[in-house]
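Read the structure below first, then the notes.
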Amino acid sequence: MSGGLQPGEKAPDFTLLEAPGKSITLSEELKKGPVVLVFYPADFSSVCQKELCAFRDAIAEYNKLGARVLGISVDGIFSHAAFKEKNDIQFPLLSDWEKQTIHDYDVVLPNLAGMKEVAKRSVFVIKSDGTVIYSWVSDDPGKLPPFDEVKKAVENLSS
């Protein structure tokens, strides 16, 4: 695994669109509690679907721990809307259309099936003060994150 922010580093702030006219800002979300950022390469790809559906299935547990889950890819807001509806995803999927956030977090996959600069599959757990406490980044877009480790990192914030 290479790239990505490391535990102890400050998470760069961002404001990204979730839907037409609706944006989400990381620093505002952190006022509500910890945030789990889930970067993924593309809507409607089979591995991304498995990953986001796994977070969907665990969303009640994350919410109970006071954490917000935010998905981020370079796909547009309309693709995200269709992907969310098809998979009944109940957390925001944010569009990094300009690709600035994937660069800020150092999770750029240069080429995926001919698509230039998509997000590496990666997960960051960020505590309320903006500090990264957990980081997982994969150069292999076919590899799923260690879901138990991610949840444990969030649980450790509550204990």
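Among residues other than LYS99 with Cβ under 15 Å from its Cβ, the summed charge is -4 (Lys and Arg +1, Asp and Glu -1).
State log₁₀ I(q)/I(0) for the chain at q = 0.10, 0.14, 0.18, 0.19 Å⁻¹ as given by the Debye formula over alpha-carbon point scatterers of equal weight, solvent excluded. Rounded to two decimals, the profile gives -0.30, -0.61, -1.09, -1.24. Between SER95, SER45, SER27, the Gaussian network model of the chain with springs among Cα atoms under 10 angstrom shows the greatest mean-square fluctuation at SER45.
Over the residues of the chain, the helix contribution to mean residue ellipticity at 222 nm works out to -9000 deg cm²/dmol, using -39500 (n - 2.57) for each DSSP H run of at least 4. Placing unit charges on each Cβ (+1 for Lys and Arg, -1 for Asp and Glu) gives the chain a dipole about its Cα centre, and among ILE59, THR131, LEU16 the Cα reaching farthest toward its positive end belongs to ILE59.
A Cβ-based charge dipole, computed about the Cα centre of the chain with Lys and Arg at +1 and Asp and Glu at -1, lands at about 240 debye.
Computed from the coordinates by the stated procedures, all read-outs in this text should not be read as laboratory data. Remember, predicted model here, so these are calculated numbers, not experimental data. Reconstructed Cβ throughout: ideal geometry from the backbone, glycine too, with neighbour counts over all protein chains shown.
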